[in-house]
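A.B. asks: To start, I am sharing the structure in question, which I have written as structure tokens.
Taken together, the values in this text are just the output of simple stated rules run on the coordinates, not laboratory data. None of the values given here were measured: they were computed from a predicted structure. No Cβ is skipped: glycine too gets one built from the backbone with ideal geometry, and neighbour counts run over all protein chains shown.
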Amino acid sequence: MVIKDAKFITSNTRADLCPQTDLPEYAFIGRSNVGKSSLINMLTNRLKLAKTSSFPGKTQLINHFLINDDWYLVDLPGYGWAKVSKDSREAWRKMILYYMKNRPNLACVFVLLDSRLPPQKADLEFMELLGTMGVPFVLIFTKTDKQSGTKTDMNIALYLKTLKETWEELPMYMKSSSSTKEGREEILQFISDVNQR
Ligand code: GDP
């Protein structure tokens, strides 16, 4: 897919204030620092479409970007910030649950995982939530340029082994690097294929 156009549309805390649309949307989420903003900028070929994150203040926003006037890319607020209060975590959870319940056009959630790390509780819990809600998701193992391909593949194999303990069917996964652009074509092709269904 060629990205001809990428426009920022809205930032909201509530799904009902997000663009009213029949166009499909694809959301990106992950623990803080996983490389979400870098990946969004890499996919769209825009240097600063998504702001690389600093510690969130009180407002965590759902950001909608319209791509090629054809589909929305959604930057969801991340989770797993070490210093976040219980109240903020609960507010995040409510926001995400409400978002997932109220976006019938949500085609897929990309769950970003750092390809160097073992399975993290926050990610596994988030996948459980997606499973419970029946939201389709795909895993993206990020920052693959930071270690050898063999190490990445070994880590992914271990990850999938952990998932097998709870999931009957393993989710689809892809690898990405914002530095080498690994994964760009595959992710955009996947979106293009789902859009055409
Ligand atoms: P976010 O918090 O998930 O939005 O993460 P960012 O995109 O802000 O990235 C966090 C840090 O990791 C930044 O210092 C990025 O430059 C770095 N980073 C993100 N993706 C990659 C990647 O694919 N390769 C490398 N080497 N660094 C990355």
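A.B. asks: Throw me the Rg/Rh for the stretch 110-197, computed over C-alpha atoms with Kirkwood Rh, two decimals. Can you show the working numbers first?
C.D. replies: On the way: Rg = 13.3 Å, Rh = 13.7 Å.
Taking Rg over the Kirkwood Rh, I get 0.97.
A.B. asks: So what's the net charge close to residue 124: Lys and Arg +1, Asp and Glu -1, counting the other residues with Cβ under 12 Å from its Cβ? It would help to have the intermediate numbers written out before the result.
C.D. replies: Numbers: positive: 31, 121; negative: 123, 125, 128, 165.
Computed value for this residue: -2.
A.B. asks: Can you give me the C-alpha center-to-center distance between the stretch 13-92 and the stretch 126-178, rounded to a whole angstrom?
C.D. replies: 19
A.B. asks: I need two numbers for the chain: Rg to one decimal and Dmax as a whole number, Cα atoms only, in Å.
C.D. replies: Calculated on Cα positions, Rg and Dmax stand at 15.9, 44 Å.
A.B. asks: May I pose another question? How much net charge surrounds residue 34 when only other residues with a Cβ under 14 Å from its Cβ are counted (Lys, Arg +1; Asp, Glu -1)? Kindly include the intermediate steps, with their values, before the conclusion.
C.D. replies: Working: positive: 31, 36, 116, 143, 146, 175; negative: 75, 114, 123.
The answer is +3.
A.B. asks: Find out how many positive minus negative residues lie around residue 79, taking Lys and Arg as positive, Asp and Glu as negative, among other residues whose Cβ is under 10 Å from that of residue 79.
C.D. replies: On the way: positive: 31, 89, 93; negative: 123, 125.
Surrounding charge for residue 79 is +1.
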